[in-house]
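We did not get these values from a lab; they are worked out from the coordinates using the rules stated. Note that the coordinates shown come from a computational prediction; the quantities given were computed from them, not determined experimentally. All Cβ positions, even for glycine, are placed from backbone atoms using ideal geometry, and neighbour counts span all protein chains on display.
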Amino acid sequence: MKRKLAKTGFKSPYDSGYDDDDVYAYNSGDDVEDDNKQTFIEKEAHKIREKGKAAYFKRGKFICPYCTTKPKPKDGLYEHLMSHARGLSTSVDDIKIRVEHAALLKALGPI
């Protein structure tokens, strides 16, 4: 087994020096998982901050960039957009939707 591991370059999990606690960073195109959700939130929040709040203010209303089929919130108030993001960042089963809204909440934050 050691010879095979030496050829492949992989470390054996049975070695005392094996460390599997490295942070798994999100790269564009990867699936979002529990291991890389923090780096995904950071990268998405950075993109949102670069665009600025004005990018999410259309036709006199604030809209969620991730809920494209039905604009959320209906009334377009900033507080309701934050409430929408807060709710979905904690209660949705789909991890990608959850972390996208967490990034929106982190990036836009309080006025």
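Return Val99, Val92 ranked ascending by Cβ neighbour count within 10 Å, so the fewest neighbours appear first. Before the final figure, lay out the partial values.
Details: Val99 24, Val92 14.
Ordered from fewest to most neighbouring Cβ atoms within 10 Å, Val99, Val92 come out as Val92, Val99.
Per 0.36 nm of contour for each residue apart, how much would the distance between Lys70 and Ile97 grow if the chain were fully extended, relative to their Cα-Cα spacing? Don't skip to the end; give the middle numbers.
Working: separation 27, 0.36 × 27 = 9.72 nm, distance 1.46 nm.
Stretched out fully, the Lys70 to Ile97 stretch lengthens by 8.3 nm.
Let me spell out the model: positive unit charges on the Cβ of Lys and Arg, negative unit charges on the Cβ of Asp and Glu, origin at the Cα centre of the range 37-111. What dipole size does that give, in debye rounded to 20? It would help to have the intermediate numbers written out before the result.
Working: 16 positive and 8 negative charges, 49 e Å.
Value, rounded to 20: 240 debye.
How much length is gained if the chain between Leu77 and Lys51 is pulled fully straight, taking 0.36 nm per residue apart and subtracting their Cα-Cα distance, in nm to one decimal? Could you put the intermediate results ahead of the total?
Values: separation 26, 0.36 × 26 = 9.36 nm, distance 1.88 nm.
Stretched out fully, the Leu77 to Lys51 stretch lengthens by 7.5 nm.
For the range 37-111, what is the number of Lys pairs with C-alpha distance below 19 angstrom, counting only pairs 8 or more positions apart or on separate chains?
27
What is the ratio of the Cα radius of gyration of the range 37-111 to 2.2 N^0.38 Å, where N is its residue count, to two decimals?
On the way: Rg = 11.4 Å, N = 75, 2.2 N^0.38 = 11.3 Å.
Cα-based Rg divided by the globular estimate yields 1.00.
Please arrange His84, His101, His46 by how many other C-beta atoms lie within 10 Å of their C-beta, fewest to most.
His46, His84, His101
Using a 10 Å cut-off around each Cβ, can you sort Glu79, Glu100, Glu42 from fewest to most neighbouring Cβ atoms? Write down the numbers at each step before the final one.
On the way: Glu79 12, Glu100 24, Glu42 15.
Going from least to most buried by this count: Glu79, Glu42, Glu100.
Can you compute the FRET efficiency between Lys61 and Gln38 using 1/(1 + (r/R0)^6), with r the Cβ-Cβ distance and R0 = 22 Å? Round to the nearest 0.05.
Details: r = 31 Å, r/R0 = 1.39.
That gives a FRET efficiency of 0.10.
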